[in-house]
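Below: one structure, written as structure tokens.
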Amino acid sequence: MDPVFNDRTQFPSFYRTIPNVKAEIDGIVQILKHFGWKWVGLIISDDDTGYRARERITEELSSVQGCVAFSAIINNTFYLEKYYEDTIVATIRKNSAKVIVVFSSTKSTLSFLSLFLFNKMPRRIWVMSSFFTKIFNLRKKKIETTFNGSLMVLVQEGQIPGFEHFFNSFTPNKYPKNELTRIIWEGLFRCYFLDAISLIITVPGAKVKYCTGNETLSDRHLLLYGNHNYRITYRVYTAVYALAHALHNLYSAQPPANHWDRLETLQMNVKPWQLNVFVRNVSFTTNGNTHSFNEYGDPPASFDIIKWVFLSNNYMLKNKVGYFNASTREQIYINNSEDLFGPFFEKMPQSRCNAPCAPGYRMTKIEGAPSCCYDCVQCGDGTFSNTTDALVCLKCPVYEMSDRKRTGCIPKATNYLSYTDTLGASLTSIALLLFITASAVLGSFLIYWDTPIVRANNQNLSCILIFALMLCFLCILLFIGRPTQICCLLRQVTFGIVFTISVSSVLAKTLTVIIAFNATKPGSKLKKYVGSQLPIILVIVCSLGEMLISAIWIASNPPLVEADVFSEMDTIILLCNEGSVTLFFCVIGYMGALAFLSFIAAFLAKDFPDRFNEAKNITFSMLVFCSVWVTFVPSYLSSKGSRMVAVEIFAILSSSAGLLGCIFGPKCYIIYLRPQLNSRRTTIRK
């Protein structure tokens, strides 16, 4: 069975009907793979056969993330030295591997079995090579207990036609000159022939049973030695048939002639090496089994998987539980209806270095441990594994996140400032409250239109300012709710234009105060602007500047809806990408420039002697405005998602409320709480 004979240069005419050792090793490997045994003990003989088995099994286990738990070597002596015996026994006992493979040559088999004559072993599944059929020779209790239920790979059995009849009618009397037959007969029936040499060594006076020679091989011997399906014997039978078929094909290939001439030609002219070609190409069938040789002279690699069962009545059963055929696609078949792991295991034992990693975890190597020993680490956020013993965790799609157990992906929650959120609802309520307040202020101004407090500093500009502030409070509704393309386009542009009108109105009111007080000076050229439409024109011109910036923004790089899937692992942030950040801050900067001019102008006019001079109020309102928007920039840039939107809404509401409160709060105070100060007579007297 040694694969060295596959070298066709050295052995060009070597053929065999028993598969080579490599095929048998592959059969054992397939058993390990089929049952998922990845932590396996290995006991081998101290020869090429054993080392070849260790190399192959180690390599194949590594391909399925398995490894050899331990490797013990046995020599070819009948009894192992005490040191080596104790070492091997201790290794088997302390190691956690539930499966042990024994691949030993014939010479080392008895040496290995001697380990179990006096040592009790833990329960294990033993997977053994075909050499271990010699286990029959040592029927000891500890050996039977240890190996009961073991699995073995044996050459595929076959039936020899006519042999059953021969078996049933076989007696030594038919072969009186065959001494081997007489010896076997004495062993089977525990009797002696009268002329047997073994009678000489019997104990004097002991009762001796004599063989008649007419005994028959009953079912008892079939139970002990198996049915009429044979393994090695059948392979000898097929070897003879292979040679016969090759000779027949060689005979048929001779030039046409009569039978005797062909035979003479074969005997006289054909050389033995010429038969090699016909043996190589032979193909025949016996009892449904096709026999042929590959380019190395090997037959198809077919093995039976046998389970050994030791019975209490000193009998042994060899139950066929599957087979291995290297030429088929599946290669291995296991009959799961059989009791595969009894009598010591109720179900298939798990043989692993550690428990398998459950779905949701991945394997990670333990430094210094065998390759199949590992820790299990839970998959991180955004990754998952849905198989046992996953090597890596897979990433979820960008719009999904891993579930709590990390075994799959679920859709991410969407994040945006919603009306149903506490923050969104609060900001909406504040905006509506401020809108109502501004509406009340506008109503008050319309009611008290002709009073001095309203007419001071251009009541038309005041109404424009209040109306613009009302729109500012309402425009924040474009910022709340699920972002859409139209909302993204309108909200910054609307806010920028409306707020520019507000700030422009404040600037115009300040210039109105400056013009009014400087026009009273002798020879002032500003008299012609008093009562003119200059403030309105200023508001329009300033607003057109903001509109121009907004138009360039929308035309070149407009805002758009964006789903941010990277800022937060478990959330999709729906937001409006401002497109051009530069133009966005140009809008803010333009309003800031107008506010700064208003602040300077109001500061210069704050000391003008007039009871209803708004310069001080405008100065405070611009301080509030500038403070809010200066702090807005870093807060906005450091925020994400709904918080970013909330920061901008807060800035809009705070600055708008500051303008409304600082400029119109004192006026409403006089209108409703100090009405006596809002009369023409009091104003003239003051």
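No lab work stands behind these numbers, since they all come straight from the coordinates. Source: prediction; values computed, not measured. No Cβ is skipped: glycine too gets one built from the backbone with ideal geometry, and neighbour counts run over all protein chains shown.
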Which are the unpartnered cysteines of the chain, meaning those with no other cysteine Cβ under 4.7 Å from their Cβ?
Cys463, Cys472, Cys475, Cys487, Cys542, Cys586, Cys626, Cys662, Cys668
Report the convex hull volume per residue for segment 422-685, counting only C-alpha atoms, in Å³.
126
So what are the chain's ellipsoid semi-axes, whole angstrom, largest first, if each one is the square root of 5 times an eigenvalue of the alpha-carbon gyration tensor?
109, 29, 19
Tell me, what is the percent relative contact order of the chain, built from C-alpha pairs under 8 Å that lie six or more residues apart?
10
Report, in whole Å, the centroid distance computed from the Cα atoms of segment 376-437 and segment 533-604.
31
What pairs in Lys33/Lys307; Lys33/Lys320; Lys33/Lys107; Lys98/Lys347; Lys142/Lys209; Lys38/Lys347 have C-alpha atoms more than 22 Å from each other?
Lys33/Lys107; Lys142/Lys209
Surrounding net charge for Cys211, when Lys and Arg each add one and Asp and Glu each subtract one, Cβ distance under 15 Å
+1
Around Lys33, under 12 Å between beta carbons, what's the net of Lys plus Arg minus Asp minus Glu among the other residues?
-2
Along principal axes, Cα extents of segment 427-480, largest first, whole Å:
40, 15, 10
Below 14 angstrom from the Cβ of Gln459, what's the summed charge of the other residues (Lys, Arg +1; Asp, Glu -1)?
+1
Could you tell me the relative contact order of segment 102-181? Use alpha-carbon pairs under 8 Å, at least six residues apart, and round to a whole percent.
30
Scan the chain and note any complete DSSP helix (H) whose C-alpha atoms cover at least 15 Å along its axis and whose Kyte-Doolittle average is 1.0 or more.
422-447, 459-475, 485-518, 534-556, 581-605, 615-637, 642-659
Take every DSSP beta bridge with both residues inside the chain and express the antiparallel ones as a percent of the total, to the nearest 5.
60
Only Cα pairs under 8 Å and at least 6 apart count here; give the relative contact order of segment 361-411 as a rounded whole percent.
33
Hand me the chymotrypsin sites (Phe, Trp or Tyr not before Pro) from segment 289-397 located in a DSSP loop with no more than 11 other Cβ atoms within 10 Å, in residue order please.
Tyr315
Using only the Cα atoms of segment 331-408, what semi-axes does the equivalent ellipsoid have when each is the square root of 5 times a gyration tensor eigenvalue? Give whole Å, largest first.
32, 17, 11
